[in-house]
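The values are calculated or read from the model by the stated rules, or taken from the named source; none is laboratory data. Since this is a predicted model, take the numbers as computed values, not measurements. Here the Cβ positions follow ideal geometry from the backbone for every residue, glycine too, while neighbour counts run over all protein chains shown.
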Amino acid sequence: MSALSQPPITPRAAQENIDQIVRLEEEAQQRRTVSERVADGIANFVGSMLFVYVHIVWFLVWVPINLGWIPFMKAFDPYPFALLCMIVSLEGVVLSTFVLIKQNRMSQRADTRSHLDLQVNLLNEKETTKIIQMIERMSRKMGIEEDVVDPEVGELGQVTAVENIARSLEDKLPSE
C-alpha cells in the first residue's frame, strides 16, 4: 500500500487533545442532575423525526374520528377540535420549557468552554511574547538583530494589553 492511499495519521499530540476533550465532555454529561437528564431526554425526543411521525399519526387518527368519517367510532371532539387545540397548545408550552431548560444548560456549558478558550489564548499570548523576547535577546547577543527582528516583531514582543484590546473592540463593534 502506497503512502498516498493510506489514511492520514492523527498526530499523537492532537489525539491526546481529542482524548482530553472527550473526557471533559463525558464529565460534564455525568455531572448533570436527574432533572437535567430528563429535560435533555424530552428535548431530544421533541427535536426528533419520531416526534413528528407520532404527531402525524395522532392527527391522522384524531381528525377522521372527530369528523365522523369512521362509522364505528363516536366523535368526542367535534370540529373545530377545541380539545385537540387545547392539548396541542398545552403540549407546546410544556415542551418549549424543556427545550429552554436544555438550551440554558447548553449555553452555560458554552460559556464555560469560552472562558477556558480565553484562558488558553491568554496563556498562549504570554508564551508567544516570551518566545519573541527570547529570540530578540539571542539575536542581539549573536549580533544579527537587524537581520532577524523587524519592527512588527518588536511590537509583537511587547506585553499585550488584553484589557485595552477588549475595550477597543467593544467601542468599535456595532451595538445590538
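Numbers for the structure displayed
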| item | result |
| --- | --- |
| Pair list, Cβ < 7 Å and 6+ apart or interchain, from the stretch 157-176 residues that are of a type in the set (Gly, Ala, Ser) to residues that are part of a helix (DSSP H, G or I) and surrounded by 10 or more Cβ atoms within 10 Å (Cβ to Cβ) | Gly157/Thr129; Gly157/Ile132; Gly157/Gln133; Gly157/Glu136 |
| Options Gly47, Gly68; residue that is surrounded by 12 or more Cβ atoms within 10 Å (Cβ to Cβ), at pLDDT below 95 and closer than 30 Å to Leu116 by Cα | Gly47 |
| Hits in the stretch 1-44 - residues which are of a type in the set (D, E, K, R) and either surrounded by fewer than 10 Cβ atoms within 10 Å (Cβ to Cβ) or farther than 21 Å from Met106 by Cβ (or both) | Arg12, Glu16, Asp19, Glu27, Arg31 |
| The stretch 111-153: number of residues that are of a type in the set (Gly, Ala, Ser) and closer than 30 Å to Glu25 by Cβ | 1 |
| Every residue from the stretch 156-171 that is surrounded by fewer than 10 Cβ atoms within 10 Å (Cβ to Cβ) and under 20 Å from Glu125 (Cβ atoms) | Glu163, Asn164, Leu169, Glu170 |
| Listing of helices (runs of 4 or more DSSP H) fully contained in the stretch 74-176 that carry 2 or more residues being within 30 Å of Val22 (Cα to Cα) and at pLDDT 90 or above | 82-142 |
| The stretch 111-128, residues that are of a type in the set (A, V, I, L, M) and surrounded by 11 or more Cβ atoms within 10 Å (Cβ to Cβ) | Leu116, Leu118, Leu122 |
